1. Can you work out the FRET efficiency for the pair Ala439 and Glu54, with r the C-beta to C-beta distance and R0 = 41 Å, to the nearest 0.05?
2. Below 14 angstrom from the Cβ of Asp310, what's the summed charge of the other residues (Lys, Arg +1; Asp, Glu -1)?
3. Could you state the accessible area per residue of segment 348-389 in Å², with a 1.4 Å probe and every protein chain left in place?
4. Got a number for carbon plus sulfur as a percent of segment 350-474's accessible area, 1.4 Å probe?
5. For Glu251, Glu430, give the ranking by accessible area with the largest first, probe 1.4 Å.
6. Take Lys320, Lys234 and sort them by solvent-accessible surface of the protein heavy atoms, 1.4 Å probe, largest at the top.
7. Looking at this model, which pairs from Lys174/Lys208; Lys208/Lys234; Lys306/Lys357; Lys174/Lys320; Lys110/Lys234; Lys320/Lys357 are more than 22 angstrom apart at the alpha-carbon?
8. Could you state how much accessible area Val135 has, in square angstrom rounded to the nearest 10, with a 1.4 Å probe and all protein chains kept in place?
Amino acid sequence: RSAKASARSASSPRGWCRTIVALTDLQATGWRRALEPFHEGDYRLPGGIDVQLEPFGAQSLNNTAIVSAHFEPAPDIGSQRLRLHVEFRHQGERGFRGHVTVHHGDNEIKSWLEIAPGQVERRAFILPIEAAVTVVELPDDDLLADNRRLVRMSDRGALRVAVVNGAPRPVPRKDEAFFLTRALEIGAERSGSVQVDILALDRVEASKLAGYDVVILANVSELPALLRQELNKKVEAGLGLLVAVGDGLGENPSEYLTDLLPHRLIGLHRHGEASGNDQRTSAVRVERVPSDRPSSDDSGADVLRKALTDEVIGSLRRGKVWQAALVAPSVALSADTVLRFEDGAPALVVSSRGSGKVALWTTTLDCDWNDLALHPGYLPLIQSLMTTLSARSGAGVPERIEPGHTVVIPRQIEASRLVISRRTRAGQFEQAQVIDATAMDASRWEVEGLVIPGLYTIEEQGAGSTWSRSSIVVQVPASESDLSVIKTQSRAPLSHPSDWSLADRPKVPVWSFALLMLLVLLVFEGLLLMRNREPTR
């Protein structure tokens, strides 16, 4: 927009006033609210200032917009499939005929699209769970901003958990997947905020694990070497991994998943035996590791210690454990231990690996080796563990914002800086901003300057640790794709100075005439002097 002052105000015929001329593309979405205070055809500001809208730029554009895109589960197709819904709208004098392209992981899908002017079309794509972000693209047209849209795996920001069930049981209450699923779904903050998928061990592939925040290996036997290698890569890239032992531990625990576990196992400790009525004759209880114990490079253990309240620990202490795996002692083991048994043996260990975290639960997640799953504390334990492994801070981070909007994020008190990175078209993340905690409020972060549409990651860091990690999409609002213009036929034409009457013209001050007369006298006197100096013949 630009404006200049000229002409006169109709409300003040004898005064020198102004008319603001706004050069604009007349896009209705940008002007509707701005013109609400005015009556049609009477654009006038207080003080007698007229407002005149002058068309600027092309008034007829052809634009095909991606209005919306979102994922939803596709249970009719399979548990490893999602349905992507995309809505398109076209405006212009001629229709659109071309391809829409969907980039999903290493896959590229094209679909032919034809849309008449003013029409809306919808498409649905069935996609595998193998990429956290999908990109929908249209060919370039007169408006580029709405030709590309990023879609996260879940628009609702659901925590996606994969449970690899190593020992499925026909009776639900004897199956680890049953207890895990119940704990995660019942303890979810809201419906749909956690999505749990149960995967059979013989059908697990690395590509199927790419879209998850946390993978749980529940009582699995030995995994193929290639799968273990791929899991390690994904953990280093940010995936959370929980390994819970069971009968799949085998006769030689020291060789069990050695390249995945944070600490090596050295044996199995039986604390009690079953009597005739299946009651345990002796057992140990779980207790808290002091929260002031120093943690290792990553603060996952420290964060989890603080998240487990006295009420949760009290509930877990009412449970009994009669069998658990033993962990090899090491310098880092003490710092990584979150829960332990009464005899000092570790019960829950959390350690970092690259950008991700790995947790080891030394007993079963069902009731085979303990009865913890039957106590109320089991639910918040699993919930807190999933939050820590996924590096999510919880509520408060918006899923998407418009370019230029300020983002307010709850702050972990231990975090000393906030690092914001933007995903490039090549799929890599480059650092966009670093915000120091000293310039922020003690309870929140305020992020400004996110003006380039795309996917951003937001990490709270401090003391060599990542305290939370979340993502946000900066997306151009769908309203900007509406190129309809406002009606301006009733606006008055710009007045021209030749239309003014003498009475309307501003009066010139008297001293101006005096200066003019003085200048004329000086010129006349100069001419006389030059004449007197001419020689006499």
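1. The formula returns an efficiency of 0.40 here.
2. Around Asp310, the charge tally is +3.
3. It amounts to 22 Å² per residue over segment 348-389.
4. Exposed carbon and sulfur together represent 48 percent of the surface.
5. Largest to smallest exposure gives the sequence Glu251, Glu430.
6. Lys320, Lys234
7. Over 22 Å Cα-Cα: Lys174/Lys208; Lys110/Lys234; Lys320/Lys357.
8. 10
The values are calculated or read from the model by the stated rules, or taken from the named source; none is laboratory data. Only a predicted model underlies this, so the values are computations on that prediction, with no experimental measurement involved. Here the Cβ is made from the backbone with ideal geometry for all residues, glycine too, and neighbour counts use every protein chain on show. With ligands, DNA and RNA removed, areas are computed over all heavy atoms of the protein, side chains included. Shrake-Rupley method; radii C 1.70, N 1.55, O 1.52, S 1.80 Å.
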